[in-house]
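Notes follow once the structure below has been shown.
What follows draws every value from the coordinates through simple rules; no lab data is involved. Just so we're clear, the structure is a prediction, and the values are computed from it rather than from any experiment. Positions of Cβ are backbone-derived with ideal geometry, glycine not excepted, and every protein chain shown enters the neighbour counts.
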Protein chains: 2
Amino acid sequence: MFERVAIIGLGLLGSSIGLAIRENLTGVITSGYDADPAVRERARELGLASSIAETAVEAVRGADLVILCVPVGAMADAARDMAPGLPAHTIVSDVGSSKVSVAKALADALPRHSVIPAHPVAGTEQSGPDAGFAALFRHRWCIVTPPQDTPRGKLESLVAFWEALGSRVEVMDAAHHDMVLAVTSHIPHLIAYTIVGTASDLEEVTRGEVIKYSAGGFRDFTRIAASDPVMWRDVFLNNRDAVLSMLDRFQGDLERMRQAIDAGDGDAMHDLFSRTRKIRRRIVEQGQDDARPDFGRGGSAD
Amino acid sequence: MFERVAIIGLGLLGSSIGLAIRENLTGVITSGYDADPAVRERARELGLASSIAETAVEAVRGADLVILCVPVGAMADAARDMAPGLPAHTIVSDVGSSKVSVAKALADALPRHSVIPAHPVAGTEQSGPDAGFAALFRHRWCIVTPPQDTPRGKLESLVAFWEALGSRVEVMDAAHHDMVLAVTSHIPHLIAYTIVGTASDLEEVTRGEVIKYSAGGFRDFTRIAASDPVMWRDVFLNNRDAVLSMLDRFQGDLERMRQAIDAGDGDAMHDLFSRTRKIRRRIVEQGQDDARPDFGRGGSAD
């Protein structure tokens, strides 16, 4: 498959890829780079890659696969930065949450290379090199969005790579990816950020009260709303059209629920609240979430 | 404190109270009742109370404390049902998520009894007698909203009872409770139900895709949106004004974020996304949530 993999950007995703390769792909040599010297230093301490380079050019030298793990708005600069060291045969991929804009940015920056964008649908609210763990991708889907002219062999290598890290892989059109992720990830994050902001700005309810009584549901939103701000700013700047289109639907549906509450229309509420349970059941059945009550939170707080 | 406690309604909350008394208050005799014969049968099998009665009147006979654990819209009927068996000295309390309307309904139904409404801010998305567990209330807040004429000794007994089950107790005005819970619990549930509904009605994205890629954030909303439909319908019917007032703020804030995305205003997004992290940190510090990445979900799916 690949003998040398370079990881550019050593936050949650980059560090997890380094650790997952070490655990699952013995013999593969990894090199890592991060624009932040403190992160490079920490990455060396944590052993996130076989070597941590001082420049992007140095990191990608000799690599068969380069994975860009930087915010989607930083992809083009990261690609240009490393370009002078990039071998001609190297596959360039990424882990960004929006794919149309990344595909374009990388193709523009690296016109002579095989760029195959990808998106492992996995993450936690934590960020930085200490947040990574080797099992992050296990049982999670990785969506690969190859441009039409992608050589079949290169695509197969990238798919095999993600499968080796424990992922299930789906190949998809980039524009469709952006629509799917707008609803399954981007809008949920936007909503979570917004309600946490709303709650912290109230006059009638103090911030201390919001925190104290967060176990009633609010705390789940704060988890998502603790995700990396730069990463998420870039997602919304780069997947604007799909996000706005999905947001339209949500705002319309929310307004209808508002009217149902205002009118005391219990049937409309009960109807919606009953339908949504089935989706939950299928998510648990398909191994995408854990059915334990409260995820064992009760126990862990002891 | 109390020698005999009656629990009316044996779903998640009622069954957890029964189990928590057995674990924490040795010697206290409990009796349970549920309007559903199948639930009573299951409650006997599970040993949720010292005895399970066939009628509410029988269940409350001789009780010092009765706790109504039924949806808030069913409180008045449940109170009237048991009234003929209720001793004069008995304290009547509940676990409902809205307090102004419940206080009024119970006071109207039981004009000669001490009614002290309460709300343990704890729960999971699961419901029914099998969902209960003794640790549900541990490290969680229980808000007690006594009417002004509540005898001090009775209030102290109820506070001591919840503390014995592991809760921390806060005494609060019922109207303020309803405002606090609107933002920390009711609006988050409404939003979660709505986005799960939106996602399941799309034409561009299939329901199968929504489920497959739910690990990007959406699955957290489905957990909340799997909560009991009748319970939540009743909450929105009974806490309408506070919910609508908080929903106004949220809708306004969301519209502003929409405009920021439309305008490509990265600074407005970054500003909000940075502020919300601090709240998360305080929730974890105060033991109201678990900081483990992904709550160990990665591991549990193995």
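Shown here for segment B:29-130: GluC sites (Glu not before Pro) in loop regions (DSSP other than H, G, I, E, B) with at most 12 other Cβ atoms within 10 Å, namely B:Glu54.
Counting only residues at least eight positions apart within a chain, or on another chain, the lysines with an alpha carbon under 20 Å from that of A:Lys99 are A:Lys154, B:Lys212.
Close amide H pairs (under 5 Å, H built 1.01 Å from N) link A:Trp141 with A:Val121, A:Arg168, residues at least 5 positions away or on another chain.
A straight line joining the Cα centroids of segment B:179-212 and segment B:97-171 runs 29 Å. Annotation for B:Asp201, label-to-label distances across the other copies: 2.7 nm (shortest first, one decimal, point 7 Å from Cα along Cα→Cβ). The relative contact order of chain A, computed from alpha carbon pairs under 8 Å that lie at least 6 residues apart in sequence, is 16 percent. Only alpha carbons enter this Debye calculation for the protein assembly as shown, each as an equal point scatterer, and the log10 of I(q)/I(0) it gives at q = 0.09, 0.12 Å⁻¹ is -0.72, -1.11. Taking chain B as the reference, fit the longest principal axis to its C-alpha atoms, fit the long axis of helix B:37-46 to the helix C-alpha atoms, and give the angle between the two in degrees, 0 to 90, nearest 10. Here the helix axis deviates by roughly 90 degrees. In terms of other Cβ atoms within 10 Å, A:Ile52, A:Ile261, B:Ile7 run from fewest to most in the order A:Ile261, A:Ile52, B:Ile7.
Each listed q (0.11, 0.19 Å⁻¹) maps to a log10 I(q)/I(0) for segment A:4-172, found by the Debye formula over equal Cα scatterers with no solvent: -0.37, -1.25.
So, counting K/R as plus one and D/E as minus one, what does the shell of residues with Cβ under 9 Å around B:Gly11 add up to?
Summing Lys and Arg as +1 and Asp and Glu as -1 gives -2.
Dividing the convex hull volume of the alpha-carbon atoms in chain B by its residue count gives 158 Å³ per residue.
Using C-alpha pairs below 8 Å separated by at least 6 residues, the relative contact order for segment A:176-292 is 28 percent.
Distance from the Cα centre of segment B:1-78 to that of segment A:223-259, in angstrom? Distance between centres, Cα-based: 43 Å. Reported value for segment B:135-224: 112 Å³ per residue, from the convex hull of its C-alpha atoms. Remark on A:Val171: its backbone amide H falls under 5 Å from those of A:Val144, a criterion applied only to residues 5 or more positions apart or on other chains, H modelled at 1.01 Å from N.
Inter-copy label distances at A:Ala35, shortest first and taken from points set 7 Å along Cα to Cβ: 6.1 nm. Between 0 and 90 degrees, the angle of helix A:152-164 with respect to the longest Cα principal axis of chain A falls at about 60 degrees.
Taking a straight Cα-Cα cut-off under 17 Å and skipping sequence neighbours fewer than 8 places away in the same chain, the aspartates and glutamates within cross-link reach of B:Lys278 are A:Glu125, A:Asp201, A:Glu209, A:Asp220, A:Asp228, B:Asp289, B:Asp290. Rounded to the nearest 10 degrees, the inclination of helix A:100-109 to the longest alpha-carbon principal axis of chain A is 20 degrees. Beta bridges per DSSP, both residues in the protein assembly as shown: antiparallel share near 10 percent. Going from the residue with the fewest nearby Cβ atoms within 10 Å to the one with the most, B:Asp271, B:Asp228 rank B:Asp271, B:Asp228.
The ranking of A:Met1, A:Met231 by Cβ neighbour count inside 10 Å, starting from the fewest, reads A:Met1, A:Met231.
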